[in-house]
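The values are calculated or read from the model by the stated rules, or taken from the named source; none is laboratory data. For clarity, every value in this text was computed on a predicted model and none was experimentally measured. A quick note on method: Cβ atoms are made from the backbone with ideal geometry, for glycine too, and the neighbour counts reach across all protein chains shown. Accessible surface is based on the protein model in full, side chains and every heavy atom, while ligands, DNA and RNA are left aside. Shrake-Rupley method; radii C 1.70, N 1.55, O 1.52, S 1.80 Å.
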Amino acid sequence: GVIVDLRSTGEVGVDGRGQLGDRPPVYHHLPLFDGPLIVDPALPNTMTLADRYFLIIEQAKVPINRVVTALAECSTPAVYHCTAGKDRTGLISAVVLGLLGVADEFIVADYAATQENLDAIIGRLTQSDGYRDAFDHLPPDTLPAKPATML
């Protein structure tokens, strides 16, 4: 199998490869963005989550291309993931499903299904050294997986 890890180098450094780290599959570390994300807390936060997704898509064209290429070249099953499995993973899912001709309504539904597991995801992340305090600084609209955001 193949694992495509979308997390930054810093995230991998803090949390390691995770539960699949001891498995022998091919491992690709292909972050959509790397380095620390620095947000000035003094600046007003007017970006919606959808705005952030557009920004990632615009600024991460080369990494997204690498991810899609790695998945296309797989001859075995593959898994791709980030930390929560909602934002970066959701964007890659939307791109891949769109390239495969899946209708937008199903892409949106796939993304929105993440909401069912969000409490468990947040619970897991608050146990991680790298994310324990992150939720105190996130804008409130970044947590839910609303259909309108992906649409």
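Observations, loosely collected:
- Radius of gyration, Dmax [the range 40-113; alpha carbons; angstrom]: 14.0, 48
- Accessible-area composition of the range 65-128, carbon plus sulfur, in percent [1.4 Å probe]: 55
- Taking a Cβ cut-off of under 12 Å around Pro147, the surrounding Lys, Arg, Asp and Glu residues balance to a net charge of -2, with basic ones at +1 and acidic ones at -1.
- Per-residue accessible area (protein heavy atoms, 1.4 Å probe) orders Glu11, Glu116 as Glu116, Glu11, starting from the largest.
- Per-residue SASA entry for Thr69, accessible area with 1.4 Å probe, Å² rounded to 10: 60
- Counting Lys and Arg as +1 and Asp and Glu as -1 over every other residue whose Cβ lies under 11 Å from the Cβ of His29, the net charge comes to 0.
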